[in-house]
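> I'd like to ask some things about the structure below.
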Amino acid sequence: MSDNSIEDHINELHQSSPEGEPLNRPEHATDSYQANNSRIAKNTLVLYLRMILVMLISLYTSRLILAALGVEDFGIYQVVGGLVGMFTILSGSLSVSTSRFLTFALGTGDPGQLKRTFATVSAIHIALAIAMFVICELLAVWFLEAKLTIPSNRLFAAKCALHCSIVSFSISLLNVPYGASIVSHEKMSAFAYMSIFDVVIKLLIVFLLYISPIDRLIFYAILGLATGIIYQIISVGYCFIKFPECKSAPVFDRSIVKHISSFVGWTFWGNAAVMLKDQGVVILLNMFFGPIVNAAHGVSLQINGVVARFIGGFMSAVQPQITKSYASGDIFRLNGLLVKGTKFSFFLMVVLIFPIINNTRILLDAWLVEVPDHAVNFANIILVYTFIDCFTTPLYTAVLATSKIRAYEIWLTVLYFTNIICVYVALKLGVVPEMVFVLAVIFKFGVFVLLIHQCYNLFHFDIHGYGRLFVVVVLPTLVYGCLLSFCYQSFINNDSFLKLIGFTVVFEALMLPFIWFYGFNQNERKFVMESIKNRLSISKQ
């Protein structure tokens, strides 16, 4: 790729808006841009170091959990988790709102507004935690007994796991404002340490399962609840020490409640549709195929979760900057972050997903004692679904930053409700379970198109530069990756672990130079090298 980069194209395009009006770009913002870019680089590095460790521990933990619980109990636990997940509609909306309003308040630079916002969202989440506990206890137990396919001899254990999941879910609601504060302040090192602590505790839990004095499924649920309580105590303590606004007593500020209510009112429907699509799939798979297929789904989600954490780590470093850029009126920087955020996350997904998709069976055979049927196909299709997130997540963050989300949430609701209806009809017609996730990928593309349309309508979105990113960078990289995969698979057709290692080494050896010299422009290569040098010099001091 020539040094006449996509960023340069954006710079030229945004000297004026489509209507000829100058965009709000600070004239003396170079130092601020460099500081913010350095913060993104630092936070990204911290998050990825954390995620490598988390990934290794999580994969090992998942293997032990499946072996300790067995395929049937593992599938039951996945169903129970999906049942509690049905009640995250409102909590999901409030979580998104909390992150958006806290980050926006930080972007405006008003400490008083920040304190009032945190106090209000804390009060809201306390009330929500109590309400969700009561609702889940009344409805979830009934649904478990009346609708789900659970072996009679495991019904009591499933109920115990459900009660623990409900309490754990209620506690997690109390933690939302504190987690959002850590991300909004971009203290990713603390976020990384707490995540590492979380997975280490979960690893300890698995070892305790083998000496469990009671039923393993019940014991696993109890230990999971204990972990949630400890995590909540640590998060609250850290925020109390580091962030002055977190010491504010919970209170309902009417003006803030009004703004949040309006925001939540529309995100509620979008979250309801997402919940119905995600958790509804778990329940439908159970109703049509039983807990064994749920176990396969759970295993595929573990593989997908590893990849999703990597992309989520990068976006966690970029998302606050996107929101703050809009809050400060710097649309020029906002557009630059959308293009760069998409490009960098895309490259990360390419180097991760291609080796996995081409060797999923080998990975699962090496990872698990017993690989459930359908797990390989489920994992590959869900990975494609997650791949699309590297394009949708930056755009979704920008749409949320504007707070003008009504049209987006309405169309999102229509898309995802249509998705789950199509899934139900397809299952009634007797299709294979893989078709459930193929439909999800198709509708995810619809969401991507919707987000592009909304960004174009809501602010001076550089749709030409964004389109050029796809034509010049994304498509050639995908074609190159597919050609590498096809050539290697044509010559090596066995399923040994050496094939996995060989494919990964060859693919990365050929793809990384391609990304470095073709995908990055000169300024981006310089920025990456300076970021690495700065981090190395800091580590030597």
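The values are calculated or read from the model by the stated rules, or taken from the named source; none is laboratory data. Being a predicted model, the structure only gives us computed values, none of them experimental. Here the Cβ positions follow ideal geometry from the backbone for every residue, glycine too, while neighbour counts run over all protein chains shown.
> If you check every pair at least six apart or on different chains, which have Cβ atoms under 7 Å apart with a residue in segment 485-514 that is at pLDDT 85 or above first and a residue that is polar (S, T, N, Q) and surrounded by 11 or more Cβ atoms within 10 Å (Cβ to Cβ) second?
Sorted first by the residue in segment 485-514, then by its partner, the pairs are Ser485/Asn358; Phe503/Asn358; Phe503/Asn359.
> I've got another one for you. Do we have any residue at all in segment 157-179 that's among the aromatic types (Phe, Trp, Tyr) and more than 18 Å from Gly228 (Cα to Cα)?
no
> Can you say whether Ile410 is assigned to a helix (DSSP H, G or I), surrounded by fewer than 21 Cβ atoms within 10 Å (Cβ to Cβ) and at pLDDT below 90, as far as the supplied structure shows? Break it down into steps so the answer makes sense when it comes.
Numbers: assigned to a helix (DSSP H, G or I): yes; surrounded by fewer than 21 Cβ atoms within 10 Å (Cβ to Cβ): yes; at pLDDT below 90: yes.
Yes; evaluated as a whole, the condition is true for this residue.
> Select, from Ala366, Ala379, the only residue that is buried (at least 23 other Cβ atoms within 10 Å of the Cβ), part of a helix (DSSP H, G or I) and of a type outside the set (Lys, Arg). If you could, list the steps in order and put the result at the bottom.
On the way: Ala366 fails: buried (at least 23 other Cβ atoms within 10 Å of the Cβ).
After ruling out the rest, the residue left standing is Ala379.
> Specify which of the listed residues (Val183, Val167, Val199, Val206) is in a helix (DSSP H, G or I) and in contact with a Pro (Cβ under 8 Å, 6 or more places away or on another chain). Spell out the reasoning first.
Numbers: Val167 fails: in contact with a Pro (Cβ under 8 Å, 6 or more places away or on another chain); Val199 fails: in contact with a Pro (Cβ under 8 Å, 6 or more places away or on another chain); Val206 fails: in contact with a Pro (Cβ under 8 Å, 6 or more places away or on another chain).
Matching residue, one of Val183, Val167, Val199, Val206: Val183.
> If you check Phe252 against the conditions, is it at pLDDT 85 or above, surrounded by fewer than 19 Cβ atoms within 10 Å (Cβ to Cβ), over 27 Å from Ile322 (Cβ atoms) and more than 21 Å from the chain's Cα centre (by Cα)?
The answer is no for Phe252.
> For the list (1) surrounded by fewer than 17 Cβ atoms within 10 Å (Cβ to Cβ); (2) of a type in the set (Ser, Thr, Tyr); (3) part of a helix (DSSP H, G or I), I need the number of the one condition that Tyr178 fails.
(1)
> Quick one: count up the residues across segment 402-446 that are in contact with a helix residue (DSSP H, G or I) (Cβ under 7 Å, 6 or more places away or on another chain), without any contact (Cβ under 8 Å) to a residue 24 or more places away in the chain and more than 20 Å from Asp389 (Cβ to Cβ).
Going through segment 402-446 one residue at a time, the tally reaches 3.
> Further question on the same structure: Show the residue pairs that are 6+ apart or on different chains and have beta-carbon atoms under 8 Å apart, the first residue being within segment 237-259 and among the aromatic types (Phe, Trp, Tyr), the second being surrounded by 12 or more Cβ atoms within 10 Å (Cβ to Cβ) and outside any helix (DSSP H, G or I).
Phe243/His185
> Also, quick follow-up: Residue check: is Ala131 over 20 Å from Gln78 (Cα atoms), assigned to a helix (DSSP H, G or I) and among the hydrophobic types (A, V, I, L, M, F, W, C)?
When the stated conditions are applied, Ala131 passes them.
> Looking at the structure I just gave you, is Ile150 buried (at least 16 other Cβ atoms within 10 Å of the Cβ) and not in a helix (DSSP H, G or I)?
yes
> How about segment 382-412: which of its residues are over 13 Å from Val307 (Cβ atoms) and of a type in the set (A, V, I, L, M, F, W, C)?
Those that are over 13 Å from Val307 (Cβ atoms) and of a type in the set (A, V, I, L, M, F, W, C): Phe391, Leu395, Ala398, Val399, Leu400, Ala401, Ile405, Ala407, Ile410, Trp411, Leu412.
> Going by the structure shown, is Leu451 under 19 Å from Lys277 (Cβ atoms) and surrounded by 15 or more Cβ atoms within 10 Å (Cβ to Cβ)?
yes
> For Tyr416, work out the one condition from (1) outside any helix (DSSP H, G or I); (2) crowded, with 16+ Cβ neighbours inside 10 Å it doesn't fulfil.
The single condition Tyr416 does not satisfy is (1).
> So is Lys340 in contact with a helix residue (DSSP H, G or I) (Cβ under 9 Å, 6 or more places away or on another chain), outside any helix (DSSP H, G or I), under 28 Å from Ser97 (Cβ atoms) and in contact (Cβ under 8 Å) with a residue 40 or more places away in the chain or not? First the steps, then the outcome.
On the way: in contact with a helix residue (DSSP H, G or I) (Cβ under 9 Å, 6 or more places away or on another chain): yes; outside any helix (DSSP H, G or I): no; under 28 Å from Ser97 (Cβ atoms): yes; in contact (Cβ under 8 Å) with a residue 40 or more places away in the chain: yes.
Here the answer is no, as Lys340 does not meet what is asked.
> Evaluate the following for Ala379: is it closer than 23 Å to Leu352 by Cα and touching a residue at least 60 places away in the same chain (Cβ under 8 Å)?
Working: closer than 23 Å to Leu352 by Cα: yes; touching a residue at least 60 places away in the same chain (Cβ under 8 Å): yes.
In short, yes.
> While we're here: Could you list all residues from segment 302-337 that are at pLDDT 80 or above and aromatic (Phe, Trp, Tyr)?
Residues satisfying the conditions are Tyr326, Phe332.
> Condition test on Leu475, is it assigned to a helix (DSSP H, G or I), closer than 22 Å to Ile382 by Cβ, hydrophobic (A, V, I, L, M, F, W, C) and at pLDDT 90 or above?
No, not satisfied.
> Based on this model, can you work out whether Gly430 counts as under 30 Å from Arg361 (Cα atoms), among the small types (Gly, Ala, Ser) and either touching a Gly at 6+ places or on another chain (Cβ under 6 Å) or surrounded by 16 or more Cβ atoms within 10 Å (Cβ to Cβ) (or both)?
It is false that Gly430 is under 30 Å from Arg361 (Cα atoms), among the small types (Gly, Ala, Ser) and either touching a Gly at 6+ places or on another chain (Cβ under 6 Å) or surrounded by 16 or more Cβ atoms within 10 Å (Cβ to Cβ) (or both).
> Tally up the residues in segment 203-223 that are touching a Ser or Thr at 6+ places or on another chain (Cβ under 6 Å), in contact (Cβ under 8 Å) with a residue 40 or more places away in the chain and buried (at least 18 other Cβ atoms within 10 Å of the Cβ), please. Before you say what the answer is, go through the steps one by one.
Residues of segment 203-223 that are touching a Ser or Thr at 6+ places or on another chain (Cβ under 6 Å), as a first pass: 203, 206, 219.
From the residues that got through so far, the ones that are in contact (Cβ under 8 Å) with a residue 40 or more places away in the chain too are 203, 206.
If we keep only those that are buried (at least 18 other Cβ atoms within 10 Å of the Cβ) too, we end up with 206.
Total meeting the criteria: 1.
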